[in-house]
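Notes follow once the structure below has been shown.
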Amino acid sequence: MDYIIAAHGRYAQEVKNSCQMITGQTTNVYAVTFTEEMGVTDVLDAYTAVYSPGNETAIIVDIVGGTPCNAAQMFRAKNPEVKVVSGLSLGLIIPLSLGESLERAMLGAKENIQFVEQKANNTTVTDDGEEED
């Protein structure tokens, strides 16, 4: 499956960059940057530029109601096989880049939202971010 990720500012590109730091090259994730100078037509053009008809595709956006989402819904109107998902995050993109299904990755991302307390093995983190036993 191909994933087009889109968000306000450089967020989508930076999520992709961070994902690649962790998982290596991503061959099925395409980032669309939305800047203040752009309008919905520009975003639609960006989606068209990276979309491969015939490939199963999902457009994952940052928030519902924003221009990247509105453009994705317009794009889907012309390409009904494309899925549109909101809630772009690194925790969602990492499993997708590793081959996880969209549905399972969405569930995992939802479960990843939590308060972080002390680790189960009683490891503490020092002021410089290093772990100690």
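Observations on the model:
- Electrostatic dipole magnitude of the chain [Cβ: Lys, Arg +1; Asp, Glu -1; Cα centre; debye, to 20]: 760 debye
- Based on Cα contacts under 8 Å between residues 6+ apart, the chain shows a relative contact order of 24 percent.
- Amide H contacts of residue 86: 61, each under 5 Å away and 5 or more positions distant or on a separate chain (H built 1.01 Å from N in the peptide plane; Pro and chain starts excluded).
- Counting only DSSP H runs of at least 4 residues, each contributing -39500 (n - 2.57), and dividing by the residue count of the chain, the helix-based mean residue ellipticity at 222 nm comes to -12500 deg cm²/dmol.
- Of interest is the spacing of the C-alpha centroids, which for the range 1-25 and the range 92-118 amounts to 15 Å.
- Shown are 76, 10, whose ranking by accessible area with a 1.4 Å probe and every protein chain present, most to least, is 10, 76.
- The residue list 30, 50, 61 was ranked by how far each Cα lies along the charge dipole of the chain toward its positive end, using unit charges on Cβ atoms, and 50 comes out on top.
- Fraction of antiparallel bridges per DSSP, the chain only, in percent to nearest 5: 15 percent
- Rounded to the nearest whole Hz, the Karplus-based 3J(HN,Hα) values (6.51 cos²θ - 1.76 cosθ + 1.60, θ = phi - 60°) of the range 67-74 follow the sequence 4, x, 6, 4, 5, 5, 5, 5, with x at glycine and proline.
- Global size of the chain as Cα Rg and Dmax, reported in angstrom: 16.8, 56
- In a fully extended conformation the segment linking residue 74 and residue 113 would gain 11.1 nm over its present Cα-Cα distance, using 0.36 nm per residue.
- Proximity of backbone amide H atoms, modeled 1.01 Å from N, is registered between residue 4 and 30, 58, 59, 60 at under 5 Å, excluding neighbours fewer than 5 places apart on the same chain.
- Local net charge near residue 103, Cβ-Cβ under 12 Å (Lys/Arg +1, Asp/Glu -1): +2
The values are calculated or read from the model by the stated rules, or taken from the named source; none is laboratory data. None of these values were measured; they are calculated from a predicted model. Heads up, the Cβs are rebuilt from the backbone with ideal geometry, glycines too, and the neighbour counts pull from every protein chain shown. When the accessible area is computed, the model is the full protein with side chains, heavy atoms only, and any ligands, DNA or RNA have been set aside. Shrake-Rupley method; radii C 1.70, N 1.55, O 1.52, S 1.80 Å.
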